[in-house]
Amino acid sequence: METFKWSFGILFSRLVRLPSMGGRVALVPWADMLNHSCDVETFLDYDKSSQGVVFTTDRAYQPGEQVFISYGRKSNGELLLSYGFVPREGTNPRDSVELSVSLIKSDSCYKEKLEALKKHGLSASQCFPIQITGWPVELMAYAYLAVCPPSMKNQFNEMAAAASSKSTSKKDTRHPEIEEYALQFILDACEASISKYSKFLQASGSMDLDVTNPKLLNRKLFLKQLAVDLCTSERRILFRAQYILRRRLRDIRSGELKALRIFDGFRKLFK
Ligand SMILES: C[S@@+](CC[C@H](N)C(=O)[O-])C[C@H]1O[C@@H](n2cnc3c(N)ncnc32)[C@H](O)[C@@H]1O
């Protein structure tokens, strides 16, 4: 089993997908020496005219400088799973973390909302990818549905459709009347996830690896460090989302407060 796992890892970390051949995979001896860089945008591909796998650099390299390729626009988690490494924190603009959200069990419209979700291939609990640049419109639509009051029942289906990535319309549908609750819903999910990451990272400091063999110990330490690196980079994305969400909520709430004060001022004026 160990040999199989090793061979599987070696094969999958070295095979190349060739976009112009419909994603066919190949082993290309010279190309499997190239390391990945998140800054690089060039891929290996089959070139009909030269009848071979060609690599064109996207920048000038100095003699002796290491040449990189891109293994694809992958998150740190995907790079760890497929290639066994985690890029340095903050260097991967494609990094993302899956945020898990669920319908609220005590919601009086739970059944209707779940039915609407199921109709569009979704379930009561869903994961959505969060990036350092923000979250997808599908997550916002899911959040609208989760916090939507019974008075907006006629919009459940539309919201569930927008939450599905299969939905053809990718427009950012907005429901200003419940935006604050939807943002708070996402913020709560982010904070719950941050707390799990923080617990793991805290515990990792005192984790007992329970091995005496030095070779095994080194391997376990290496794997633990990879897990810590991945969790740190994923938590960083969640921290950023938390910051943006808190700021948006503060703006909404202070805007509402301002509107209330103006309204109050007018009321006093006409008294
Ligand atoms: C196709 S091979 C690249 C050549 C490899 N460095 C070698 O010496 O055989 C892919 C493996 O290289 C390593 N690798 C590639 N890019 C890396 C990076 N940016 N940081 C750390 N390791 C990397 C990973 O172990 C990955 O599984």
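Throughout, read-outs are computed from the coordinates displayed, never taken from laboratory work. Keep in mind it's a predicted model, so treat the numbers as computed, not measured. Using ideal geometry, Cβ is built from the backbone for each residue, glycine included, and neighbour counts are taken over all protein chains shown.
Just subtract the alpha-carbon distance of residue 174 and residue 157 from 0.36 nm times their residue separation and send over the number in nm, one decimal.
Numbers: separation 17, 0.36 × 17 = 6.12 nm, distance 1.46 nm.
The span from residue 174 to residue 157 would gain 4.7 nm if fully extended.
Under the rule of -39500 (n - 2.57) per DSSP H run of 4 or more residues, summed and divided by the residues of the chain, what mean residue ellipticity at 222 nm is obtained, to the nearest 500 deg cm²/dmol? Spell out each step's value before the answer.
Values: 7 runs with 135 residues, N = 271.
After summing the helix terms and dividing by the residues of the chain, the value is -17000 deg cm²/dmol.
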- prompt: Among all the aspartates and glutamates, which ones have a C-alpha under 14 Å from residue 119's C-alpha, if same-chain residues fewer than 8 places away are not counted?
  reply: 158
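Between residue 21 and residue 204, what length in nm is gained on full extension when 0.36 nm per residue of separation is reduced by their alpha carbon distance? Intermediate results must be reported in sequence, preceding the final value.
On the way: separation 183, 0.36 × 183 = 65.88 nm, distance 4.39 nm.
Result: 61.5 nm gained on full extension.
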field: Max mean-square fluctuation residue, GNM over the chain, Cα-Cα springs under 10 Å, options 124, 203, 189
entry: 203
message: Quick check: convex hull over the Cα atoms of the chain, volume per residue in Å³, rounded to an integer?
response: 244
- line: Taking 90-99, 44-53, 244-253 and ranking on average Cβ neighbours within 10 Å, highest first, one gets 90-99, 244-253, 44-53
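Where does each of 190, 127 land when they are ranked from fewest to most other beta-carbon atoms within 10 angstrom? Please list the in-between numbers first.
On the way: 190 25, 127 11.
With the sparsest Cβ surroundings first, the list reads 127, 190.
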query: When you count, for each residue, the other Cβ atoms within 10 Å and take the mean per peptide, how do 60-71, 104-115, 137-148 rank with the highest first?
result: 137-148, 104-115, 60-71
query: Considering only Cα-Cα distances, which of the following residue pairs are longer than 26 Å: 5/224; 113/166; 5/199; 5/220; 118/196; 5/48?
result: 5/199; 118/196; 5/48
query: Pulled fully out, how much extra length does the chain show between residue 5 and residue 108, if you take 0.36 nm times their separation in residues and subtract their Cα-Cα distance?
result: 32.2 nm
query: Taking a temperature of 10 °C and a viscosity of 1.306 mPa s, what whole-number D in µm²/s does Stokes-Einstein yield for region 2-72 with Rh from Kirkwood over alpha carbon pairs?
result: 119
query: Between residue 41 and residue 223, how many nm apart are label points set 7 Å from Cα along the C-beta direction?
result: 3.8
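Mind ordering 179-187, 211-219 by average Cβ neighbours within 10 Å, highest first?
Numbers: 179-187: 19.1, 211-219: 10.4.
Listed from highest to lowest mean packing, they are 179-187, 211-219.
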